[in-house]
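Quick notes on the structure that follows.
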Amino acid sequence: YNHTIRKIVISTGVVTTFAGSDVGGSNQWGYVDATGTAARFKHPDGITTDGTNLYVSDTKNNRIRKIVISTGVVTTLAGGPTGASTDGTGTTARFSQPSGIITDGTNLYVSDTFNHTIRKIVISTGVVTTVAGSAGSSGSTNGTGTAARFKKPRGITTDGTNLYVADQD
C-alpha cells in the first residue's frame, strides 16, 4: 500500500523512493504520468528492466508503465483505466490487473492475472497481443496459444527460448 517504486543501492543498502509517493503514509495512490515522486501508481506489482528503462505492471490501474532510469520520467506504455481484455496499441489495449512482467529486450511479456492470459507488448510500438490463455476462460489446460488455460497467472520469467509462468490458482 505504498504505491511506490523504491531503489536500493546494493553496495550501501541505502533505500530511496524512485517513483510514486505515499507521503507520510497518506495513501497517495492514483494514476499520474510524471517525474519521480510526482508520478502516481496503484498497487504496482511486477517490475523488469532492459538496463535503460524500468517496466512496471501497475496492477490496479490496469496499465503497464515505463520509467526512464536516468530521468525518473514515468509514462504509460499500454493499458487504460478499465479492466478488460483488448489487444491493441498503447492505451487502446486493456488489461485486468496485470502482475508479473519480464522482457527479452525487444518485447515485454505480462501475466494478465484477472484475464487468465499471457500478453506480449512490442516495446518499440506498444502493440499488445495475447500469447496464451483466453480471457473469461480460466482453468488448467495444456494447449497452444488461446487454447491453453490459466487461472490467475502471476509470476513470469524467460530463459530466452521459453516463458515460465506461476499459475497462481
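The values are calculated or read from the model by the stated rules, or taken from the named source; none is laboratory data. Source: prediction; values computed, not measured. Neighbour counts are summed over all protein chains in view; Cβ atoms, including those assigned to glycine, are modelled from backbone coordinates with ideal geometry. The area values use the complete protein model at the heavy-atom level, side chains included, leaving out ligands, DNA and RNA. Shrake-Rupley method; radii C 1.70, N 1.55, O 1.52, S 1.80 Å.
The table for this structure:
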quantity	calculated
Potential lengthening between V14 and K60 on full extension [0.36 nm per residue; Cα-Cα distance subtracted]	13.7 nm
Trypsin sites (Lys or Arg not before Pro) restricted to the stretch 94-128 and DSSP loop, no more than 11 other C-beta within 10 Å	none
Heavy atoms of D50 accessible to a 1.4 Å probe, total area in Å² rounded to 10	60
Contact order relative to length of the stretch 35-169, as percent, for alpha carbon pairs under 8 angstrom and 6 or more apart	16
Lys, Arg +1 and Asp, Glu -1 on Cβ, resulting dipole of the chain about Cα centre, debye, nearest 20	280
Paramagnetic reach from D50 (point 7 Å along Cα→Cβ, amide N under 13 Å) across the stretch 86-103	102-103
Per-selection metrics, the stretch 86-138 (Cα): Rg and Dmax in Å	10.2, 30
Extension reserve of the Y1-T161 stretch, reckoned as 0.36 nm per residue once the Cα distance is removed	54.1 nm
Rg/Rh (Cα only; Kirkwood hydrodynamic radius) as it applies to the chain	0.98
Per-residue ³J(HN,Hα) for the stretch 67-78, Karplus 6.51 cos²θ - 1.76 cosθ + 1.60, θ = phi - 60°, Hz, x for Gly and Pro	10, 6, 4, 5, 10, x, 6, 9, 10, 9, 8, 7
Residue-level accessible surface for Y164, protein heavy atoms, 1.4 Å, Å²	120
